[in-house]
Each structure stands twice: as C-alpha cells, then as structure tokens.
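S.K.: One structure follows; several queries about it will come next.
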Amino acid sequence: MRMEFRKVQSKSQLDITAEWDALAPVRFQQITSHQDYTFWQILVPSVFAMLKLTKADSIIDAGCGVGVLSDLLSKDQKKVVGIDPSAKSIFFAQKFVSPNARFVVTTLEDYAKRNVPSVSVVIANMVLMDVIDLQAFLSAAFDVLRPNGSLIFTITHPFFWSEYYGYSAKPWFHYEQEAIIESPFRITSQPDCRLNSTHVHRPLETYLNVLFESGFVTELLQEPMPSHQVAQMYKKPWQVPRYLVGLARRENSIARSRSRRENLRRKGIDQ
C-alpha cells in the first residue's frame with residue numbers, strides 16, 4: 001500500500017540516502033525520457049538564467065542525483081563536479097561521458113572538509129528542502145566557494161507547496177514550524193511510482209535567515225511560472241508558483257561572516 005503524508009520526528013542521512021538509492025533508476029528514466037516536465041521546463045531554464053548572472057568558471061552540482069543537470073552544465077563549463085551521497089544515483093550519473101564533468105559519492109559537508117575554496121558556483125537544485133541540517137549544508141557551500149562566489153538554489157515553494165502537494169490541512173502542519181515529512185514521490189506524468197521520499201517544510205524566513213547566518217547575501221529570488229504552452233502539460237492548472245529559485249553571493253571575508261554569525265547567536269536569532 002502506498003504511504004500517505006507523515007510527519008516524523010527525525011530522519012538520518014543514511015535513511016534519506018536509501019530513499020534516493022531506491023529512486024535512482026526511476027529518476028533516471030523520468031528525466032532522460034523528458035517525462036519530468038518540471039525539470040526540463042521550469043528548473044533547468046531557471047538555473048541557466050541565474051547562471052548567466054554569475055562569473056562561472058567552475059561548478060559544484062550539490063545533490064546532483066542522476067547527473068543530468070551536471071551533464072548539461074558541463075557542455076558550457078570547463079569544470080563541473082557532481083556530488084551526491086546516493087551511490088546508485090552516481091552510478092547512473094557516470095553514464096554521461098564528458099571531459100568537463102566528474103562525479104563523486106559524498107555529501108557537500110564531507111566534500112568541503114577535504115577541499116579548499118575552489119569553485120565559483122555551487123548549484124543546489126531541489127536540495128535545500130531535502131537536507132535535515134540546513135545550516136551545515138549552507139556552511140559547507142560557503143566553505144567551497146571562492147570569495148564572491150555564487151549559490152544558485154531551487155526549492156519547492158515554502159508557502160504554496162503544502163497546498164499543492166496536499167498536506168496543508170493535516171493537523172500536524174503549521175506553516176511557521178519546521179516539519180520533516182515522509183511523502184509519496186510523484187511527478188505529473190507518473191503519479192504512482194510507489195516509492196517515498198523525505199523533505200523538510202521550512203517557512204521562507206528560515207531559508208533567508210540561515211543563508212544570512214551562513215555568510216550569504218541573497219541577491220535575487222524568483223517564482224517561475226510556466227508559459228501557457230507548458231502549463232497545458234500539467235493536469236492541475238498553475239494558480240500560484242510551485243517553486244522558488246534563488247541567487248546568493250558568498251561574502252568576501254570569512255572572518256566578517258563568521259563574526260556576524262556569532263553576533264546573531266548572541267542576540268538569540270540562531271535557528
């Protein structure tokens with residue numbers, strides 16, 4: 001029987017990785033067959049539009065999944081590193097052969113511990129709402145970026161996703177509170193893949209505050225909507241945006257950013 005939405009108290013990285021290991025062949029088929037309309041029509045164009053606003057010469061695709069976005073990026077970039085803790089996802093990612101891309105089974109947090117600041121852009125496509133420790137992930141993004149480097153992220157829309165996905169009326173859901181949610185994994189063209197995934201609902205202010213605390217200046221937020229032609233692909237009409245896309249810049253000074261974080265903690269604003 002397919003699982004319904006369920007709030008859980010905690011979830012380990014191993015548990016989440018196991019979910020994406022199970023989903024890897026499904027995601028590879030969905031994306032490479034172009035059945036995932038949102039990936040191709042909403043997310044990829046949004047990421048590339050943001051990328052034009054940066055000075056990209058090297059990219060980490062953090063949480064790259066089965067590697068399709070990394071492969072697309074490598075066609076225009078000299079260096080792309082796709083990283084993901086899901087070994088089965090990376091197995092599929094390595095099917096792409098590009099001299100400009102390589103793939104590593106790891107988390108961004110572990111990658112940052114072993115590498116000095118070396119890239120100009122970190123991309124987190126549909127990742128921030130899937131990490132349990134947002135502060136740790138964004139701090140790692142800060143650590144691998146060169147000064148003035150950029151973070152591009154896409155997430156499910158913090159305000160509208162719960163209504164669209166169908167759990168806003170659950171008694172345990174409150175917009176202003178974080179919640180770890182196990183839910184059916186589905187896309188418009190395949191609503192019954194019968195596998196589950198975990199995401200974290202966070203209010204918008206949490207994303208913005210943790211970005212700020214981690215040393216980033218949020219420069220641009222966009223709420224992409226499909227064109228009329230693309231909207232016809234979806235079974236439910238888009239009344240409101242379903243995704244949020246952001247561009248944030250790493251501050252020049254590590255010392256200044258860390259000092260600011262300490263000041264926030266002393267003021268009791270730490271999340």
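The values are calculated or read from the model by the stated rules, or taken from the named source; none is laboratory data. Bear in mind the structure is a predicted one, so any value in this text is a computation, not a measurement. Reconstructed Cβ throughout: ideal geometry from the backbone, glycine too, with neighbour counts over all protein chains shown.
S.K.: Which pairs have Cβ atoms under 6 Å, sit 6 or more apart or on different chains, and link a residue in region 74-100 that is in contact (Cβ under 8 Å) with a residue 60 or more places away in the chain and more than 22 Å from residue 140 (Cβ to Cβ) to one that is surrounded by fewer than 17 Cβ atoms within 10 Å (Cβ to Cβ) and of a type outside the set (Gly, Ala, Ser)?
M.R.: Sorted first by the residue in region 74-100, then by its partner, the pairs are 88/21.
S.K.: On to the next question. Filter region 59-105 down to residues that are polar (S, T, N, Q) and surrounded by fewer than 19 Cβ atoms within 10 Å (Cβ to Cβ) and give me whichever is farthest from residue 21 (Cα to Cα).
M.R.: Applying the filter and picking the extreme gives 100.
S.K.: Touching a helix residue (DSSP H, G or I) at 6+ places or on another chain (Cβ under 8 Å) and either over 27 Å from residue 11 (Cβ atoms) or at pLDDT below 95 (or both), is that true of residue 247? Can you show your working first?
M.R.: On the way: touching a helix residue (DSSP H, G or I) at 6+ places or on another chain (Cβ under 8 Å): yes; either over 27 Å from residue 11 (Cβ atoms) or at pLDDT below 95 (or both): yes.
Considered against the rule, which asks whether it is touching a helix residue (DSSP H, G or I) at 6+ places or on another chain (Cβ under 8 Å) and either over 27 Å from residue 11 (Cβ atoms) or at pLDDT below 95 (or both), residue 247 comes out as yes.
S.K.: Something else now. Check whether at least one residue in region 153-166 is in contact with an Asp or Glu (Cβ under 8 Å, 6 or more places away or on another chain) and in contact (Cβ under 8 Å) with a residue 24 or more places away in the chain, and report yes or no. Spell out how you get there, then give the answer.
M.R.: Here is the first cut: in region 153-166, the ones in contact with an Asp or Glu (Cβ under 8 Å, 6 or more places away or on another chain) are 157.
Then drop every residue that is not in contact (Cβ under 8 Å) with a residue 24 or more places away in the chain, which leaves 157.
Checked against the condition, which is being in contact with an Asp or Glu (Cβ under 8 Å, 6 or more places away or on another chain) and in contact (Cβ under 8 Å) with a residue 24 or more places away in the chain, region 153-166 yields at least one hit.
S.K.: Confirm whether residue 76 is of a type in the set (D, E, K, R) and under 28 Å from residue 248 (Cβ atoms). Working first, answer last.
M.R.: Numbers: of a type in the set (D, E, K, R): yes; under 28 Å from residue 248 (Cβ atoms): yes.
In short, yes.
Per-residue answers, yes or no, for (1) among the small types (Gly, Ala, Ser); (2) surrounded by fewer than 18 Cβ atoms within 10 Å (Cβ to Cβ); (3) in contact with a Cys (Cβ under 8 Å, 6 or more places away or on another chain):
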site: 10; (1), (2), (3): yes, yes, no
site: 21; (1), (2), (3): no, yes, no
site: 40; (1), (2), (3): no, yes, no
site: 43; (1), (2), (3): no, no, no
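S.K.: Give the residues of region 215-234 that are surrounded by 14 or more Cβ atoms within 10 Å (Cβ to Cβ) and without any contact (Cβ under 8 Å) to a residue 24 or more places away in the chain, sorted by residue number.
M.R.: Within region 215-234, 225, 231 qualify.
S.K.: Report yes if residue 122 is of a type outside the set (Gly, Ala, Ser) and either within 28 Å of residue 25 (Cα to Cα) or in contact with a helix residue (DSSP H, G or I) (Cβ under 6 Å, 6 or more places away or on another chain) (or both), otherwise no.
M.R.: Here the answer is yes, as residue 122 does meet what is asked.
S.K.: Just the residues that are surrounded by 15 or more Cβ atoms within 10 Å (Cβ to Cβ), in contact with a strand residue (DSSP E or B) (Cβ under 7 Å, 6 or more places away or on another chain) and part of a loop (DSSP other than H, G, I, E, B), please, taken from region 168-206.
M.R.: Matches in region 168-206: 173, 185.
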